[in-house]
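A.B. asks: One structure coming up, written as structure tokens, with questions to follow.
The values are calculated or read from the model by the stated rules, or taken from the named source; none is laboratory data. For clarity, every value in this text was computed on a predicted model and none was experimentally measured. Cβ placement follows ideal geometry from the backbone for every residue including glycine, while neighbour counts extend to all protein chains displayed.
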Amino acid sequence: MRAIVSRQGGPLRPGKSFCEEEVPDPAAPVGTDLLVEVSAVSVNPIDARLRAMANDAAAARIFGFDAVGTVLAVGEQASEFAPGDTVFYAGAVDRDGSYAQRQLVDSRLVAPKPRSLSNLEAAALPLTALTAWECLFDKLRLSTESDGTLLVLGGAGGVGSLVIQLAKLLTGVCVIASASTPESVAWAKRMGADEVVDHSALDFAQRVRELAPEGIDYAFSPHSAGRAEFFAEVMRPFSAVVAIDNPVGLDLLPLKPKSISWHWEFMFSKARFDYRAHSQGQILRRVAALADSGRLVSTLAKHVGELNAANLLLAHEMIESGHTHGKLVLGK
């Protein structure tokens, strides 16, 4: 089969970072696995981080997580699916990814694609929807009865866009999002944010406090480096922050006086440690139902083109620029 492989880490280089090659077909699926013909994928910051890491030049790595595709064959324990089903998923971090014609994926991580969305629109959702869901409901323990104020940093980002939507659809919290350009402000408002504040402003903390004088109850953080003092200032006592990034040397001691809780979210933990892996398929079914009811919108921001090495290079360049909003999608 044809796949787009990476043999070289570090900065992006045309003809080096991604190469189109013929590689062996995946094995026939066994157990809970599905064999899927990939139609569309989206690109996430973790795709770029993994690609940038140093690789053994002799080892061809196939990256990619978000995907929409057609089931070709099923393992003996994947009884919920059949050949011909159209599905969407985010996969696992320790298996070959979706930058290929065909892929093996654990059916417990998979759900039927939302019927109302195109392949491209659906491919934008899985990883960010799973991350947002686990942030809100596994870590912050929000529910339909929850109220208070949720601060969503990076409200126009892929995950932030879904945190806003799910919080407004499934809880009673007021959402304050951060964004710094006219385009990202408009995007965060489209996602449903009640208020949007410029996180690049020198008085950012003051503006947040003006909107939440008693302090923020919950916060989502995709960019935590250097933010401990900020959270200590704007959060109320016994509040909670959930973060998805990898800040080096993060000192959380400023949070102690207010007993502020800090949670980490890593969407791949369930598959990696086989911990409630089936819950991700269940979450994606809930997300699909919300999309098909017209309540949740796709975060597709740009169709980069067909899935090939040149377009993947372009998508990774755009992700690494730090100036995208929503999701970048490739395929058909």
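A.B. asks: Run V208 past the list (1) part of a loop (DSSP other than H, G, I, E, B); (2) hydrophobic (A, V, I, L, M, F, W, C); (3) over 20 Å from the mean Cα position of the chain (by Cα) and report the number of the one that doesn't hold.
C.D. replies: V208 satisfies every listed condition except (1).
A.B. asks: Only one of these conditions is not met by P83: (1) more than 22 Å from P24 (Cα to Cα); (2) in a loop (DSSP other than H, G, I, E, B). Which number is it?
C.D. replies: Tallying (1) more than 22 Å from P24 (Cα to Cα); (2) in a loop (DSSP other than H, G, I, E, B), P83 fails exactly one: (1).
A.B. asks: Then there is this: Out of D96, D33, D66, report the one residue that is in the same structural domain as L307 (by TED's automatic domain parsing) and more than 19 Å from the chain's Cα centre (by Cα).
C.D. replies: Step by step, each of D96, D33, D66 is checked, and only D33 is in the same structural domain as L307 (by TED's automatic domain parsing) and more than 19 Å from the chain's Cα centre (by Cα).
A.B. asks: Ok, one more. Within the bounds of the stretch 82-104, is there any residue that is modelled with pLDDT of 95 or more, of a type in the set (K, R) and buried (at least 18 other Cβ atoms within 10 Å of the Cβ)?
C.D. replies: Yes: one or more hits.
A.B. asks: Given the conditions (1) under 22 Å from the mean Cα position of the chain (by Cα); (2) modelled with pLDDT of 95 or more, and given that A52 satisfies all but one, which numbered condition is not satisfied?
C.D. replies: Among (1) under 22 Å from the mean Cα position of the chain (by Cα); (2) modelled with pLDDT of 95 or more, A52 violates only (2).
A.B. asks: Say whether the condition of being closer than 30 Å to S146 by Cα and over 16 Å from the mean Cα position of the chain (by Cα) is met by at least one residue in the stretch 310-329.
C.D. replies: no
A.B. asks: Report those helices (runs of 4 or more DSSP H) wholly inside the stretch 262-332 carrying at least 3 residues which are in contact with a strand residue (DSSP E or B) (Cβ under 9 Å, 6 or more places away or on another chain).
C.D. replies: 278-292, 309-321
A.B. asks: For the list (1) in a loop (DSSP other than H, G, I, E, B); (2) among the aromatic types (F, W, Y); (3) under 19 Å from V287 (Cα atoms), I need the number of the one condition that F88 fails.
C.D. replies: Only one criterion is unmet by F88, namely (1).
A.B. asks: Does F88 qualify as being under 24 Å from A289 (Cβ atoms) and hydrophobic (A, V, I, L, M, F, W, C)?
C.D. replies: Considered against the rule, which asks whether it is under 24 Å from A289 (Cβ atoms) and hydrophobic (A, V, I, L, M, F, W, C), F88 comes out as yes.
A.B. asks: If you go through the stretch 211-229, how many residues are hydrophobic (A, V, I, L, M, F, W, C) and in a strand (DSSP E or B)?
C.D. replies: Of the residues in that region, 3 qualify.
A.B. asks: In the stretch 265-303, how many residues are surrounded by 13 or more Cβ atoms within 10 Å (Cβ to Cβ), aromatic (F, W, Y) and without any contact (Cβ under 8 Å) to a residue 40 or more places away in the chain?
C.D. replies: 1
A.B. asks: At least 3 residues that are surrounded by 22 or more Cβ atoms within 10 Å (Cβ to Cβ) and touching a helix residue (DSSP H, G or I) at 6+ places or on another chain (Cβ under 6 Å) in each: list the strands (runs of 3 or more DSSP E) lying fully within the stretch 1-49 that qualify.
C.D. replies: Correct list: 33-43.
A.B. asks: What are the residues in the stretch 1-29 that are under 26 Å from V71 (Cα atoms) and among the small types (G, A, S), if any?
C.D. replies: Scanning the stretch 1-29 gives A3, S6, A27, A28.
A.B. asks: Among the listed residues A156, A122, A78, identify the single one that is in a helix (DSSP H, G or I), more than 19 Å from S239 (Cβ to Cβ) and either within 15 Å of the chain's Cα centre (by Cα) or in the same structural domain as M318 (by TED's automatic domain parsing) (or both).
C.D. replies: Residue meeting the stated conditions: A122.
A.B. asks: Kindly evaluate A232 against the criterion of being touching a Leu at 6+ places or on another chain (Cβ under 9 Å), outside any loop (DSSP other than H, G, I, E, B) and under 19 Å from W133 (Cβ atoms).
C.D. replies: When the stated conditions are applied, A232 does not pass them.
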